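Undergrad: Sharing a structure below in structure tokens format, with a few things to ask.
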Amino acid sequence: IISFPQNSDSTQENSEKRFIPQPPKKLRNDNNNNSTKPLFIPKAKFPQLSIDYHSKEFPEPKEICENSPFDEFVINVIYNPIHKLSVVSKDNFISKLGKEFKVNVKRGEVVAIEDDPYAYTKSISQFLAAQVQIRVSVFAFSLVLSWMMEHRPEEIDLIVVPDGGCTFHDYHNRAMYLGKKWIFNDNGLRSDNFASIFELDSGAVNDSAEEELEGNIQISNDLILNENEDKLCSSSPWSGYLLYLLYPPNNLWAVEAKEKFLDNFADFFELTRKECENLQKNIFDSISGNQTLCMMNEVNDPFNITSDPMVTSYARIYIPFSSLTDVISWTMDNKAAFSVGYELDTMIIPLSGCSEAFTSFALRGGDQWPINDFALSPNFNFKENLVKRKNLNSFPLTENNS
């Protein structure tokens, strides 16, 4: 996980202390020499400590956005430029990506636009870390994303956004991520000086991008953590994936937004809700056969089920590999509050057969919910599925059960 130095607690406390101006002495109560309390405190404008970028005082920029399906996606590789292992991991990741998708690089379907180790120092940059921008066409997106799910080192994070033609909206409302969720420099996203990454000269970029991606970087092996060869994970690309739509059951706005999202999804893809709710009994089971896109079960209380890795309410959708790009594209465009009335959290996992599917392999949108690690433990007995946890608060102590 990449982290950068933050303001110390003392600095933060000092910044939050507001100076209250005192009126002239002649306006104070001179009858009591021990009292310095002013008769009034004049109005003063204080600098705001934070700004709501969706408020009337600071509205979202007016942008003309394209709707899904999107033709291109941008994947931002976020890394720590002052941490050697993070830099080397980034270089190694880009090098492996170029070798794995050499044909796609030559076709211009995978293009490295720039590596900017000083992005976080620029006021017109939306990033608060160093980053590499990689453009991926719709034809290679599913393959590239699946490979990144499996091979992303923990020292880097990935931000995945569509090319919807509106930078602020794409990054704020449509972005999904692998690893840590980063906040953005909103001033950079709304700056008139911001150079759109999609307006670069493609001819000039492709030559340098091909050299960058084909791996002319020498990697120091002693700084790269070896991948665990004993993992039970199957290799990408996987035949199937699951979309989890996550929401708190006690939030009526989220519940209503969930209903709207699922109804819209069913209408757009011509499906029926819960049509394959029993498709997967074990969370590690693969789904064999030529299973098509279908909507699975909707669970309101997974926090009462020991074998369920989720700790909040959810609905599941099965995604075959052939539909992965279409579903991600539609989800990016329809999970935000402007579409369903309340921002929903999503998580797309591969059916890789291992616990990493719910952690390091997961593509998330919105907030990251914790995972019930007990359910992912290899020692857990999944044959005892749907085991209910005992809630002592629900069973008052009596002479029989005390």
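The values are calculated or read from the model by the stated rules, or taken from the named source; none is laboratory data. Small disclaimer: the values here were computed from a predicted structure and weren't measured. Reconstructed Cβ throughout: ideal geometry from the backbone, glycine too, with neighbour counts over all protein chains shown. Please note that ligands, DNA and RNA were not included when accessible areas were found on the heavy atoms of the full protein model with its side chains. Shrake-Rupley method; radii C 1.70, N 1.55, O 1.52, S 1.80 Å.
Undergrad: If Asp333 passes every condition in (1) out of contact with any Ser or Thr (no Cβ under 6 Å at 6 or more places or on another chain); (2) open to solvent by 10 Å² or more (accessible area, probe 1.4 Å); (3) not small (Gly, Ala, Ser) but one, which one does it miss?
TA: So the condition that Asp333 fails would be (1).
Undergrad: For segment 139-160, how many residues meet the condition of being touching a Ser or Thr at 6+ places or on another chain (Cβ under 6 Å), closer than 25 Å to Leu242 by Cβ and open to solvent by 10 Å² or more (accessible area, probe 1.4 Å)?
TA: Residues that pass the stated criteria total 4.
Undergrad: Further question: Tell me which residues, restricted to segment 128-138, are crowded, with 21+ Cβ neighbours inside 10 Å, touching a residue at least 60 places away in the same chain (Cβ under 8 Å) and touching a helix residue (DSSP H, G or I) at 6+ places or on another chain (Cβ under 8 Å).
TA: Ala129, Ile134, Val136
Undergrad: Condition test on Tyr120, is it modelled with pLDDT under 95 and either of a type in the set (A, V, I, L, M, F, W, C) or within 19 Å of Asn185 (Cα to Cα) (or both)? Full working, then the answer.
TA: Working: modelled with pLDDT under 95: yes; either of a type in the set (A, V, I, L, M, F, W, C) or within 19 Å of Asn185 (Cα to Cα) (or both): yes.
Against the criterion (modelled with pLDDT under 95 and either of a type in the set (A, V, I, L, M, F, W, C) or within 19 Å of Asn185 (Cα to Cα) (or both)), Tyr120 qualifies.
Undergrad: So in segment 59-117, with the set limited to residues that are open to solvent by 10 Å² or more (accessible area, probe 1.4 Å) and of a type in the set (S, T, N, Q), which one is farthest from the chain's Cα centre (by Cα)?
TA: Asn104
Undergrad: Taking segment 275-302 only, how many residues are out of contact with any helix residue (DSSP H, G or I) (no Cβ under 9 Å at 6 or more places or on another chain), modelled with pLDDT under 90 and not hydroxyl-bearing (Ser, Thr, Tyr)?
TA: 11
Undergrad: Tell me, yes or no, whether segment 104-113 has at least one residue that is among the aliphatic types (A, V, I, L, M), touching a strand residue (DSSP E or B) at 6+ places or on another chain (Cβ under 6 Å) and farther than 24 Å from Gly188 by Cβ. Show your work before the answer.
TA: Taking segment 104-113 first, the residues among the aliphatic types (A, V, I, L, M) are 105, 110-113.
Narrowing further to those that are touching a strand residue (DSSP E or B) at 6+ places or on another chain (Cβ under 6 Å): 110-113.
Now restrict to residues that are farther than 24 Å from Gly188 by Cβ: 110.
So far as segment 104-113 goes, yes, one or more of its residues are among the aliphatic types (A, V, I, L, M), touching a strand residue (DSSP E or B) at 6+ places or on another chain (Cβ under 6 Å) and farther than 24 Å from Gly188 by Cβ.
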